[in-house]
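Worksheet: the structure to be examined is printed underneath.
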Amino acid sequence: MKKEEMKTYWHTSSHILAQAVKRLYPETELGIGPAIEEGFYYDFYREEPFTPQDIEKITAEMEKIINENLPIERLEYDKKQAEEIIKNESFKLEILKEIPDEKVSFYRQGGFIDLCKGPHQTSTGEIKFFKLLSISSSYWKGNEKNPSMQRIYGISFPRKKELEEYLKRIEEAKLRDHRIIGPKTGLFSLHQEFGPGLVFWHPKGAMIRKIIEDFWKEIHIENGYDLLYTPHIASIKLWEKSGHVEFYKENMYPPMEIDEKILYQLKPMNCPFHILVYQDRVRSYRELPLRWAELGTVYRLEKIGVLHGLLRVRGFTQDDAHVFCRTEQIEDEVMKILGLVVFFLESFGFDQYEVFLSTRPKKFVGSVENWEKATDALTNALKKKEFQYQVDPGEGVFYGPKIDIKVRDCLNRLWQCTTIQVDFNIPERFNLKFVNEKNEFEQPIMIHRAIMGSLERFFGILIEHYNGNFPLWISPVQVKILPISEKFLEYGEKIFKMMQKEKFRVQIDASQEKLNKKIKIAEEEKIPYIFIVGEKEERENNIAVRKHGKGMLGTFTVEDIIKILKEEANTKNTKWL
């Protein structure tokens, strides 16, 4: 099935779930039940929590509804009729009030009817194989001031093999959970008591962060970017001028009164600071395009219920860049950005991705002419770089069209990373100008661009993608030297110094543990290479080499293994391990 067809399939599955719950527990109130990226869920309001036994009953009831092969009908009613139909469903009534249309649609299957815009399958019998996966709590509309709902997640497929493959992949994903691997291997920690959604980078994680940052800076400088560093706070007046207070206030931390009667704001975005740098002096057309990049830490007041390890946090570092250019330069700049994106992502082993082009929404700023020029520029850039892409009509942000790139990991999951957004709004709000060839002022276009999205999120994806078995070039400890006993510690230290001199990240285990225990610890730490040194190795002036997850490779001279490891470390596009 195509993506849109699967969404319809999953949406229908969510209605079967809701019907089963209402049959078994008629006092339960319905929330919403959409299809999601993979599968579906339905939110329910009920005094008693659902138990595993309840899930078994709901599953059996869903199977009954599917076997009944109930026709699914679309019905239309005016608002007054609709109110009567859902008079006992307070959450549905709230949704109904927010619908501007005079008539609304319902879908009916047997004795169950639900306010819904659809679409759906034609009958319940078309859903073949399904499984309810988990239960979680969620606040109504994501607001902790609202009632707490019980959310039941599920998955369904037309073929049994598809369901089995999905469930196998889910089990593998659990084993790769970065929230378990990260703390276990000493990469990072999270402390709910002292700061939910804030990441504490440990030495190993901080080393990987440094490697990523250094690589990021290096390739940006090579590609014509200048680096910026900007503050973490500024007067709230800046955020009022940028529009963030108006459009983004619920995701911003409350302002702080630091100086008398002056409110300061933790920054949720880096772009207004880059604007101030641009405005520092009069700019000429000869300077454009201007390319500025910053690894800027921002703070967003995410709801506590949506925080998720490194993937959804409150303090994170965006790999932000802004290009100030003329309209006719957009296409060339986007082509350069796309080339940089591919190089960066493939360096970390991500060579499969999906690309989306989002066009003008109903509410937008700027002229239609500029929107069309910008959209054409993005389209042409994608075509010239031979990207396969999908168009998301009307899904651009209010200030301009955009390109989104989602990387596919080794479990075939898609992760949103790269975004390239054309902005007409901020240049206008800040009255940005440059002097053109005619010695007249002209307004530049601003391109917002992030490759990783956020460093924390990208790190979380990397952990799960590689299961913590990082490629040699980004592994925080590349080699661990294990002397068989204290007698060979001196020889081990000699090897240690030789490896350090060649710029390898190396450790030596000088403990009194038995060799098997030392190997076990190094394997649990997921260190790529283990060097074992004992009497034979010291006598012959070589080392026994073990590769993580593969076992013994044999005996090598130090010079030979250095050559082999250097070649591996210099090959950044390491395939999935």
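Values quoted throughout were computed directly from the atomic coordinates according to the rules given, and no laboratory measurement underlies them. Computed from a prediction, not measured in an experiment: that's the story for all the values here. Methodologically, a virtual Cβ is constructed for each residue, glycine included, from the backbone with ideal geometry; neighbour enumeration extends over all protein chains shown.
Just a few scattered comments:
- The GluC sites (Glu not before Pro) of region 38-115 that meet both conditions, a loop assignment by DSSP and at most 14 other Cβ atoms within 10 Å of the site Cβ, are GLU47, GLU102.
- Computed over region 3-168, relative contact order equals 27 percent, with contacts defined as Cα pairs under 8 Å that lie 6+ residues apart.
- Ascending count of other beta-carbon atoms within 10 Å, so fewest first, for ILE521, ILE451, ILE155, ILE543: ILE521, ILE155, ILE451, ILE543
- Label positions at TYR25 and GLU442, each projected 7 Å from the Cα along the C-beta direction, are separated by 6.3 nm.
- Our estimate of slack between ASN88 and ASP332, defined as 0.36 nm per intervening residue step minus the Cα-Cα distance, is 82.1 nm.
- Backbone N under 17 Å from the ARG286 label point (7 Å along Cα→Cβ), restricted to region 435-476: 435-442
- Kyte-Doolittle at least 0.0, axis length at least 20 Å by Cα - qualifying DSSP helices, the chain: 330-347
- Cross-link pairs exceeding 30 Å in C-alpha to C-alpha distance, out of LYS406/LYS563; LYS3/LYS80; LYS3/LYS385; LYS7/LYS168; LYS168/LYS362, comprise LYS406/LYS563; LYS3/LYS80; LYS168/LYS362.
- Long pairs among LYS480/LYS501; LYS160/LYS526; LYS145/LYS174, criterion Cα-Cα beyond 25 Å: LYS160/LYS526; LYS145/LYS174
- For the chain, the relative contact order works out to 10 percent when only alpha carbon pairs closer than 8 Å and six or more residues apart are counted.
- At most 15 other Cβ within 10 Å, DSSP loop - trypsin sites (Lys or Arg not before Pro), region 82-124: LYS87, LYS117
- Across region 416-461, C-alpha contacts under 8 Å between residues 6 or more apart give a mean separation that, scaled by the residue count, equals a relative contact order of 49 percent.
- Loop sites in region 342-410: trypsin sites (Lys or Arg not before Pro), DSSP, at most 13 other Cβ within 10 Å: LYS362, LYS363
- Residue-averaged 222 nm ellipticity for the chain, from DSSP H runs of 4+ at -39500 (n - 2.57), nearest 500: -11500 deg cm²/dmol
- Cα-Cα over 23 Å, subset of LYS64/LYS161; LYS536/LYS572; LYS520/LYS572: LYS536/LYS572; LYS520/LYS572
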